[in-house]
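Engineer: I'd like to ask you about the structure that follows.
Quick note: the coordinates plus some simple rules give every number you see, no bench work behind them. Here the structure is a predicted model, which means the values were calculated and not measured. All Cβ positions, even for glycine, are placed from backbone atoms using ideal geometry, and neighbour counts span all protein chains on display.
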Amino acid sequence: MRSTSAVYVTSQAEYDKHKEMLKQTACPKCRAVGCLIRHGYLKGHGDKANDEVRRGWRVFCSDRNLRKGCGRTCSILLAKFIFRHMVSASWLWQLLQHIRQGMSIKAAWEKIAAPFSLDNAYRLRQAFTQSQTFIRSMLLRAGAPPKTNVAKPEWQLIEHLRAAFPTSACPVADFQARFQAGFLRAAAPRVDSSG
């Protein structure tokens with residue numbers, strides 16, 4: 001599972017506020033104060049396959065020149081992107097909405113007109129399924145799930161996400177910004193007990 005030391009921001013202006021406070025902020029890994037410095041950009045693919053966009057910024061906890069830092073990096077990420085996935089949060093939200101409407105994954109992916117392969121859609125669906133417990137527990141902090149007559153747990157979770165952020169264009173991005181946690185969590189590694 002990835003580190004929880006990332007900070008999610010919604011804009012460049014919000015990042016600038018974090019940037020100004022780096023020297024007064026404790027490192028999320030070693031808790032040392034006064035050691036954080038800017039360390040570059042996090043880049044990745046945009047909504048088009050060949051686009052390269054800035055997805056966030058790296059922050060370094062300096063252990064150089066007698067500083068007490070740990071020498072590790074953490075991230076400040078734009079909430080509109082899904083960590084370690086090529087698609088944006090808005091594409092994932094569109095995919096989830098189409099699945100909620102009863103579409104197959106293939107039909108939903110084609111309706112979005114994503115330039116990536118269909119395998120990405122299946123991986124996103126699997127990651128969403130594996131992350132349901134985490135997402136539910138976080139959404140319960142925002143409020144109780146809405147009353148619904150839907151039987152499928154995935155559909156209930158999509159309804160809860162929509163109810164938690166009723167005015168949002170992309171509840172997935174708002175989830176990340178509000179709870180300061182990635183929407184899709186990595187699955188726990190399997191333990192081989194065969195000997």
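Engineer: Once the dipole of the chain is set up with Lys and Arg at +1 and Asp and Glu at -1 on Cβ about the Cα centre, which of ALA113, PHE183, ASN50 lies farthest towards its positive end?
Structural biologist: Positive-end residue among those listed: PHE183.
Engineer: By a straight-distance test (C-alpha under 21 Å), which lysines pair with LYS111 as possible cross-link partners, with residues fewer than eight away in the same chain excluded?
Structural biologist: Partners found: LYS48, LYS80.
Engineer: Could I ask something else about it? Under a Cβ-only charge scheme (Lys and Arg +1, Asp and Glu -1), can you give me the dipole magnitude of the stretch 94-158 about the Cα centre, in debye to the nearest 20?
Structural biologist: In debye, rounded to 20, the stretch 94-158 gives about 180.
Engineer: Evaluate E = 1/(1 + (r/R0)^6) for LEU118 and ALA32, where r is the Cβ-Cβ distance and R0 equals 45 Å; express this FRET efficiency to the nearest 0.05.
Structural biologist: 0.45
Engineer: A follow-up question, please. Nothing charged except the Cβ atoms of Lys and Arg (+1) and of Asp and Glu (-1): what's the magnitude of the dipole of the stretch 7-78 about its Cα centre? Round to the nearest 20 debye.
Structural biologist: 400 debye
Engineer: Once the dipole of the stretch 12-150 is set up with Lys and Arg at +1 and Asp and Glu at -1 on Cβ about the Cα centre, which of LEU124, ALA32, TRP93 lies farthest towards its positive end?
Structural biologist: Value computed over the given set: ALA32.
Engineer: Assign unit charges at the C-beta atoms only (+1 for Lys and Arg, -1 for Asp and Glu), then state the dipole size of the chain relative to its Cα centre in Debye, rounded to the nearest 20.
Structural biologist: 580 debye
Engineer: Less than 20 Å apart at the alpha-carbon level, and either on another chain or at least 8 residues along: which lysines does that give for LYS23?
Structural biologist: LYS23 reaches LYS68.
Engineer: Provide the net charge surrounding GLN101, with neighbours chosen by a C-beta distance below 15 Å and charges set as Lys +1, Arg +1, Asp -1, Glu -1.
Structural biologist: Computed value for this residue: +3.
Engineer: Oh, and also: Can you tell me how the stretch 7-78 classifies by the Cα gyration tensor, rounded, prolate or oblate, using a/c under 1.5 as the rounded cut?
Structural biologist: Judged from the Cα gyration tensor, the stretch 7-78 comes out prolate (a/c at least 1.5, a/b above b/c).
Engineer: Taking +1 at the Cβ of each Lys and Arg and -1 at the Cβ of each Asp and Glu, which of MET103, PRO166, ASN149 sits farthest along the dipole of the stretch 89-179 towards its positive end, judged by Cα position relative to the Cα centre?
Structural biologist: Result: ASN149, furthest along the dipole toward the positive end.
Engineer: Which of the three applies to the chain, rounded, prolate or oblate, going by the alpha-carbon gyration tensor with a ≥ b ≥ c and a/c under 1.5 meaning rounded?
Structural biologist: prolate
Engineer: Cβ under 13 Å from CYS30's Cβ, CYS30 left aside: what net charge do those residues give with Lys, Arg +1 and Asp, Glu -1?
Structural biologist: Cβ neighbours under 13 Å give a net charge of +4.
Engineer: Further question on the same structure: Which shape class applies to the stretch 89-179: rounded if a/c is under 1.5, otherwise prolate when a/b exceeds b/c and oblate if not, where a ≥ b ≥ c are the square roots of the Cα gyration tensor eigenvalues?
Structural biologist: prolate
Engineer: Which net charge results for the neighbourhood of ARG55, defined as the other residues with beta-carbon distances under 11 angstrom from its beta-carbon, given Lys and Arg at +1 and Asp and Glu at -1?
Structural biologist: Result for the neighbourhood of ARG55: +4.
Engineer: To continue, here is another question. Pop a pseudo-label 7 angstrom from the Cα along the beta-carbon direction at both ALA144 and THR167 and give the gap in nm to one decimal.
Structural biologist: 2.4 nm
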